[in-house]
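Each remark here refers to the structure printed beneath this line.
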Amino acid sequence: MQEFLQYFFSGLTNGAIYGIIALGFSMLYRSTDLINFSHGEFVMIGALSMVTLTMTLKIPVIWAFFIVVFGVGLLGMVFERLAIRTVKRPEPIVLIIITVGASIFLRGAGMLVWGKNAQSMPPFTPHPPLDIAGARLLVQSIWILVIAILIAACLHLFYRRTLTGKAMYACAINKQAAWLVGIPSKMMILLAFGLSTGMGAVAGAIIAPVTMPAYDMGAMLGLKGFCAAMLGGLGSLWGSLLGGFLLGVLEAMGVGFVSSGLKDATAFLLLLLVLYFRPQGIISAASVKRF
Amino acid sequence: MLPKSKMRVIALLTAIATALCLLFAAPVSAEQKKETIKIGGIFSVTGPASFLGDPEKKSMILAIDRINDAGGIDGHMLKAIIYDSEGDPTRAVRNVQRLITRDDVTAIIGPSLTPTSLAVIPVIERSSLPLISCAAGNKITDPIKPWVFKTAQSDIHAVASIYGHMRENGIQNVAIIAVSNAFGESGRDQLIEQAGAFGIDIVARESFGGADKDMTAQLTNIRSAEPDAIVCWGTNPGPAVVAKNAKQLGIDIPLYNSHGVASPRFIDLAGDAAEGILLPTGRLLVAGILPEDDPQKAVLSDYMEAYENRYRETASAFGGYAYDAINLLAEAIKGTGGDKAKIRDNLEKIQGHVGISGEFNFSETDHNGLAPGAFVMVRIKDGTWELVE
Amino acid sequence: MIRTDKHLIACFVFAAAATATGLLVENAYYLQVMIFIGINTLLALSLNMLMGYAGQISLGHAAFYGIGAYTTAILSTTYNISPWLALPAAVFTAMAIAYFVGRPTLRLTGYYLAMGTLGFGIIVNIIFREWRSVTGGASGFVGIPPLEIGSFAFDTDRRYFFLVWGVVLFFFIICRRIIDSRVGRALRAIHDGEHAAAAVGVDTAKMKLKIFVLSAAMASLAGFLYAHQIFFISPGTFSFLASIRIVTMVVIGGMASIWGSLLGASLLTLLPEWLHAFADYEMMIYGLVLMLVMIFLPQGLTRGILDIYENSRKKNDK
């Protein structure tokens, strides 16, 4: 029982990380019909700038957090303006390759700025791990959990209650129709990019204390986040979060009950099974466009 | 008139084409002095193993500049031509081919990793020129290949040092947690192979991915197996996560690590969790606290000073692999005028060369040349290293 | 039919050019770079059949590349079977796996298909790494023998150059045949709209599976050629990133274009060689080039260059 709980906690920590990254994928998809394969790199930039701001420049964590999120969100908007809007034929596959190119570019830039070594920073609040029925949970994990759920809730309200949110959703359903009813669709897409990359930065900033960020961390995180988003149902906010937790817990159970070498294989095999039997994800949001 | 956008495209393409032509032409046109001996280098300067490749590249340049400043070898100047393999075997092979046939090098230093080294060996053997690898894997020089040497300490010796220390401290049941790449695999194989000889039982075997963020699940498995000690085999940042997670779970048995984390960076990353960790390392890390009569002391402080003055960063044992390789090669080149077969023969005859990683004694049956004594055991205490007797 | 003839002439010209290159180039490095371009062209072509013509994305194509390489490595090294017997085994293994994986996977569409194939690719890669007694694990598989016919060995780069490009040329012709046949028209119908294709009587599931199996066979052949050229394989070569690289080749070169596969594979193989000089800036420039090509030539290099050519001709006519 104690072991089981410990696997579960381990899965919960990883799952919250995957979930919050998946949220970034899902929310961009919901607003623009696009998957940003450089999302992991924005997480990396968020994590590394968090370390620089708090460790080198000694800015208090809370301020550093907002500076990072705002800054990376701005960077995401610049990226949209320069590389996405300028595309002559915005077909999904073209945009995917552009974001793949962007991920390589940003990784290279990250390497130049922060060097090749991993960095580290202390947790937000110094506190010994919690002991729950013999299993240990880090306080930072709770921070990650709380912030992930908080963000999903905020986004939920944003889409349901605000005019901008509704307008953004409308753009994804039909850009032409949205434009006809007077929604500035270009503006909405720009905003969606800012929000999505800003969320990537949130993920980066809160995981920095537990992950020892380095310039090449983005690829794996992006992959797992994408995976979680698909598992939960692309475009569904709560689905993404759930997909993240599911992936994290599955991985941890894979280590516990199968073998740690086959950890990823276990997770991906279950993912394939989910896809085969429920191709739209656990919570489906909208039908997914073909290439 | 062309539409403006088309003009832009054409201008862009022309610019790219011109740039590419220039690039292709540039390296060829550099004129060489007749006597210069060219030495190739292949390191994982970028990619996941950049912590190895980057100091290796810098150390190779440093060593070559120092030799040239001292007047070269028999009047021959050395020239370094270095390519990045990014840790990819295919690129390593292509780069080796490029060094041999286009740059016409006399010998090659590197690659940094075991898979990349194994991948280039067929090309080296076919082309008959000396290669001095900087990778740890035992398979590189066992069985012996005529043209292949290596300067990094083998895993065999690292494992022997760890097990030796365990035997003295009465540790019998051991759990292994290794990274799932070539480095971890090679270490795990050696740990399993030598366990019997030291009377050690392996009670749990776990692995983790190089980019994993949480290893508590693996450590929970290990805890249930009730070992006397844990050996973690990996390179940063994985082992630092293991150390932190072990502390989080309150596991208080001795934690051993490999020479893969033997750099101050590990202490930075693991913080408090690094306290008490034991690991085997070359003497570079503890150069400051070595006794004055240690034969390596002078060589080590000389290298560290030169490296730190030039690059403004701390020297690491990894850079030492390439530094040793160049100095060994320089010794072998003496009197050969750059003849590859003679250099190879000379390399095999080198005895008592005191380098960064230890004392090298090459022979026809030993192309690594290091004895188990190349490693010392250290313990991390108060954020620094402490020699263990 | 005229189109086919034109293509044959183009292939002939291309074969002549390739032969001349193979005979004239002396430097082993250049020959080897061209061998890799050949192998990558075969890979890009195989994926282009699936992606460009049938409109089915795959982010796990490197798995079949790896299955080809590992099957021949294991059979010809561990079991001492002639590589020529290992070749059909490698191709058949890849086809069989493609058949069983393709059946459920190809029912998915869009990003879900991307995810399904990606997951498959990752699982196969983990098997390469973890099935250590057979595959040699993460350290890789050493000692793969060179190819030989009787006493004639493909052991020099020049001989291998001709072997690889011979295979590539063969598939240039075969693929064009398929595209111009009934199957090809059915595939394009699926690409344009699956329901519409089904409505006019195309058995879409069967067609997609067929092309997936063919594509896997070609990729495994590329893996076979790779293994017997390098004599060493390790899981890293067939990772998720390799799959992405193949997709990039197809899209950069031009989807639904045979010559586009050649162009895309050439550019993406040569680019890193050229960018060596930039050292630490290499990655940034590589990413930037990918982005710029896609922004300005979203239909890939072949279409893009043709457009520029046609535009300039129109201008001259005026």
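Values computed for the structure shown
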quantity: Solvent-accessible area of A:Cys154 with every protein chain in place, 1.4 Å probe, in Å² to the nearest 10; calculated: 80
quantity: Partner chain coverage, peptide B:93-102 - average Cβ within 10 angstrom; calculated: 5
quantity: Ranked order, A:Glu80, B:Glu359 - accessible area, probe 1.4 Å, largest first; calculated: B:Glu359, A:Glu80
quantity: Helix-only [θ]222 nm of chain C, DSSP H runs n ≥ 4, -39500 (n - 2.57) each, per residue, nearest 500; calculated: -25000 deg cm²/dmol
quantity: R0 of 41 Å, Cβ-Cβ distance B:Ala371-B:Glu308: FRET efficiency to nearest 0.05; calculated: 0.90
quantity: Solvent-accessible area, 1.4 Å probe, carbon plus sulfur percent, for segment C:87-188; calculated: 67
quantity: Apportionment of accessible area to carbon and sulfur, chain B, percent (1.4 Å); calculated: 52
quantity: Cα centroid of segment B:312-389 to Cα centroid of segment C:258-287, whole Å; calculated: 36
quantity: Within a Gaussian network of chain A (alpha carbon springs, distance under 10 Å), most fluctuating of A:Leu53, A:Leu12, A:Leu221; calculated: A:Leu53
quantity: Förster radius 60 Å - calculated FRET efficiency between B:Ser128 and A:Phe66, Cβ distance, rounded to 0.05; calculated: 0.45
quantity: Separation in nanometres of the label points that stand 7 Å from Cα toward Cβ, at B:Ile251 and C:Asp280; calculated: 3.6
quantity: FRET efficiency estimate (nearest 0.05) - Cβ-Cβ, B:Lys334 to A:Lys58, R0 41 angstrom; calculated: 0.15
quantity: Inter-part distance where segment C:67-120 and segment A:13-45 are each reduced to a Cα centre, Å; calculated: 31
quantity: Among A:Val258, A:Val139, A:Val181: highest mean-square fluctuation, GNM of chain A, C-alpha pairs under 10 Å; calculated: A:Val181
quantity: Heavy-atom accessible area per residue - segment A:1-154, 1.4 Å, Å²; calculated: 38
quantity: Peptide C:301-314 - average C-beta neighbours from other chains (10 Å radius); calculated: 2
quantity: Cα centre as origin, Lys/Arg/Asp/Glu Cβ charges: segment B:226-301 dipole, Debye; calculated: 300
quantity: Residue-span extension gain [B:Asp345 to B:Ser301] - 0.36 nm each, minus C-alpha spacing; calculated: 12.8 nm
quantity: Computed [θ] at 222 nm, deg cm²/dmol, chain B (DSSP H ≥ 4; -39,500 (n - 2.57); rounded to nearest 500); calculated: -14000 deg cm²/dmol
quantity: Highest-fluctuation residue, B:Asp104, B:Asp324, B:Asp84 considered, GNM on chain B with Cα pairs under 10 Å; calculated: B:Asp104
quantity: Residue-span extension gain [B:Ile289 to B:Lys145] - 0.36 nm each, minus C-alpha spacing; calculated: 48.1 nm
quantity: Per residue value of the accessible surface for segment C:2-317 (all protein chains in place, 1.4 Å probe), Å²; calculated: 37
quantity: Three-way shape call for segment A:124-226 based on the alpha-carbon gyration tensor, with the a/c threshold at 1.5; calculated: prolate
quantity: Interface size A-C, as summed buried accessible area [1.4 Å probe, Å², nearest 100]; calculated: 4300
quantity: Cβ-defined net charge surrounding B:Ile253, 10 Å radius [Lys, Arg +1; Asp, Glu -1]; calculated: -2
quantity: Dipole moment magnitude, nearest 20 debye, segment C:2-317 about Cα centre, only Lys, Arg, Asp, Glu C-beta charged; calculated: 900
quantity: 12 Å cut-off, amide nitrogen to a point 7 angstrom out along B:Val388 Cα→Cβ, residues in segment B:237-263; calculated: B:254-259
quantity: Neighbourhood net charge (15 Å Cβ-Cβ; Lys/Arg +1, Asp/Glu -1) for A:Tyr276; calculated: +3
quantity: Charge dipole magnitude, Cβ of K and R +1, D and E -1 - segment A:15-168, Cα centre, debye nearest 20; calculated: 320
quantity: Three-way shape label, the protein assembly as shown, alpha-carbon gyration tensor, a/c 1.5; calculated: oblate
quantity: Shielding by partners, peptide C:101-109 (average Cβ within 10 angstrom, other chains); calculated: 3
quantity: Value at 222 nm in deg cm²/dmol, rounded to 500, when DSSP H runs of n ≥ 4 in chain A each add -39,500 (n - 2.57); calculated: -23500 deg cm²/dmol
quantity: Solvent exposure of segment B:156-281 as accessible area per residue, Å², 1.4 Å probe; calculated: 30
quantity: Solvent-accessible area buried by A and B, counting both chains, probe 1.4 angstrom, square angstrom; calculated: 2600
quantity: Shape of segment B:156-281, Cα gyration tensor, a/c cut at 1.5; calculated: rounded
quantity: Residue-span extension gain [C:Leu271 to C:Thr78] - 0.36 nm each, minus C-alpha spacing; calculated: 65.9 nm
quantity: Under 17 Å from the Cα of A:Lys186 - lysines, other chains or at least 8 residues apart; calculated: A:Lys88, A:Lys166, A:Lys175
quantity: Listed residues B:Tyr323, A:Phe66, B:Leu278: farthest to the positive end of the dipole of the protein assembly as shown (Cβ charges); calculated: A:Phe66
quantity: Set of lysines with alpha-carbon distance to B:Lys340 below 24 Å, sequence-local pairs under 8 removed; calculated: B:Lys33, B:Lys34, B:Lys38, B:Lys57, B:Lys79, B:Lys139, B:Lys145, B:Lys150, B:Lys349
quantity: Solvent-accessible area buried by pairing C with B, both sides, nearest 100 square angstrom, 1.4 angstrom probe; calculated: 3800
quantity: Proximal charge balance of B:Arg91 [Cβ under 11 Å; K/R count +1, D/E count -1]; calculated: -2
quantity: Accessible area of B:Arg66 in the full protein assembly, 1.4 Å probe (Å², nearest 10); calculated: 80
quantity: Accessible area of B:Ile202 in the full protein assembly, 1.4 Å probe (Å², nearest 10); calculated: 50
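The values are calculated or read from the model by the stated rules, or taken from the named source; none is laboratory data. As the structure is a prediction and not an experimental result, all values here were calculated from the model. Please note: Cβ atoms are built from the backbone with ideal geometry, for glycine as well, and neighbour counts cover all protein chains shown. Note: areas computed on protein heavy atoms with side chains; ligands, DNA, RNA excluded. Shrake-Rupley method; radii C 1.70, N 1.55, O 1.52, S 1.80 Å.
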